[in-house]
Structures are given as C-alpha cells and as structure tokens.
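Since the structure comes first, as structure tokens, the remarks are kept for the end.
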Amino acid sequence: KDLWYEGHGDMAIHQFNQALKVNDEMPQYYQGLAEMNLAKGELQQAVDQWHKILTIDEKNLQAHINLSAAYLDLNDLESSVRHGGIAVSLGATGATVYYNLGMAYLFAGMHDDSIKYLKLAKEADPEDVATRLSLGEAYIAKGEREAAISEWHELLEKAPNTPDALYNLGLAAAQDGKGDEAISFFNQTLSIDPNYLPAITNKGIQFYLDG
C-alpha cells in the first residue's frame, strides 16, 4: 500500500497480484486490491475482490459490509439486502451498516424493514442528516405522513439549514392546502439554496393556485 500512497498505483497493484500468485489465500491482499479499485472508480472490480475474500472466508464481516454498500450503489437491491442481512447476523452494527440496509429496503419497496433499519441508523448516529431525511421518506412511502412530518421537524431542530427538510415540509403544507405555510417553507429553502429548482417551481405553482 505504501507504493499506492506514494502515487505508484500500477506498481502497487502489480505487487499485490504477484503476492497472490505466491499465496492466494490471503484476504488482506484482495482487500488491498479492492481499495485500489475503489480509488480508481472501478466498483465492479472491487466487488469481484470482495467475493474472492468470501470464497476463502464466507463469514468475513467486512466483505459482507462492503458488498452491501457496493450493491446499493450498483442498484442491485437484492444482493445489497442479502449481504447487509448477513453482516448484521454476523454481529455488524453501526449507522452506516444500518443506513445502507435501510436504503436498500426502501428502494426495494420493503417499507417496514426500511423503517426498522433507518431507525437503528438514527439511534446509532442521531446527528446524521441523510438518515433522518430518508427515514421521513420511508414513512411517506408507507403512508405514515404525520410520522414523516414529525421526523423532518425534529431534524430541523438539530440542523435548521437543511433545504431538503424545509422543501419536504413545504410540499406537505401545500398538499394540506396551507398555501402561506408552503410558500414560507419554500422561501426558507431558497434562502439556503437559491438554485433549489423544485422549490422555485412549487413556489410558483403555489402563487398561481393562491391567485
């Protein structure tokens, strides 16, 4: 890895491959290659290295965690859920593990499981904005609108300059026929991000509807 950090990436990869020719039963060599693949933007190649680790040690916790995250990025939700679930069954904890699993379930339309794991992610890291936004989205997907609104208000108490939360609350207010409240939330969104296009659009629509 020293060669990699010194800017000699190709030489570092060559040395890892040479080491694997001597001993191809060393998970740390495959992990090293995977990290270098990631640094080069070669996600699928990194996935291949993590699978090689699992052929050596099918219960390798970090490989399952990495694969859950990678498959989420690759939109292979079934594989992301499978590896995330194995990781949790092997004892994996932490906000990132739970968040990735929750998001895979959310995108797969499995709302109860999504809410379960996003709640665990929130408990593990109450300050994480993305988790709280996504938990609200999971509530919306399940039809629990009031829970979503409550979640976004709670987020704004901790992080008041979160445009996505303000925008979401503006949409909710608009849907409830609360035009002035909706415009207020859209204005707050735009005060933070003047180029937030959905807020610009929906503010205009609300003005039109209010006559």
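Of the residues A121, A104, which is in contact with a Phe, Trp or Tyr (Cβ under 8 Å, 6 or more places away or on another chain), open to solvent by less than 30 Å² (accessible area, probe 1.4 Å) and closer than 19 Å to A165 by Cβ?
Just one listed residue meets the conditions, A121.
Restricted to segment 52-90, and to residues that are farther than 22 Å from Y30 by Cα and among the small types (G, A, S), which residue is surrounded by the fewest Cβ atoms within 10 Å (Cβ to Cβ)?
Looking at residues that are farther than 22 Å from Y30 by Cα and among the small types (G, A, S), I get S89.
Have a look at L118, L155 and point out the one that is within 18 Å of A69 (Cα to Cα) and touching a Ser or Thr at 6+ places or on another chain (Cβ under 8 Å).
Of the residues listed, the single one that is within 18 Å of A69 (Cα to Cα) and touching a Ser or Thr at 6+ places or on another chain (Cβ under 8 Å) is L118.
Please return the ranges of helices (runs of 4 or more DSSP H) entirely within segment 104-211 where 2 or more residues are more than 24 Å from S80 (Cβ to Cβ) and aromatic (F, W, Y).
Passing ranges, in order: 179-192, 197-210.
When the residues of segment 147-161 are narrowed to those that are of a type in the set (A, V, I, L, M, F, W, C) and over 20 Å from the mean Cα position of the chain (by Cα), which ends up surrounded by the fewest Cβ atoms within 10 Å (Cβ to Cβ)?
It comes out as A147.
Just the residues that are among the small types (G, A, S) and surrounded by 21 or more Cβ atoms within 10 Å (Cβ to Cβ), please, taken from segment 173-211.
Listed by number, the residues that qualify are A182, A199.
Just to be sure before I move on: is S134 more than 20 Å from the chain's Cα centre (by Cα) and at pLDDT 95 or above in the structure I sent?
no
For segment 29-91, which fully contained helices (runs of 4 or more DSSP H) count at least 1 residues that are more than 23 Å from H111 (Cα to Cα)?
Answer list for segment 29-91: 43-56, 61-73.
So which pairs qualify, if the first residue must be in segment 24-46 and under 17 Å from K59 (Cα atoms), the second must be open to solvent by 70 Å² or more (accessible area, probe 1.4 Å) and part of a loop (DSSP other than H, G, I, E, B), the Cβ gap must be under 9 Å, and the two must be at least 6 apart or on different chains?
What qualifies is Y30/D24.
The values are calculated or read from the model by the stated rules, or taken from the named source; none is laboratory data. Everything quoted here is computed from the prediction, not taken from an experiment. Virtual Cβ from ideal backbone geometry, glycine too; neighbours counted across all protein chains shown. Side chains are part of the model used for accessible areas, which takes the heavy atoms of the whole protein and leaves out ligands, DNA and RNA. Shrake-Rupley method; radii C 1.70, N 1.55, O 1.52, S 1.80 Å.
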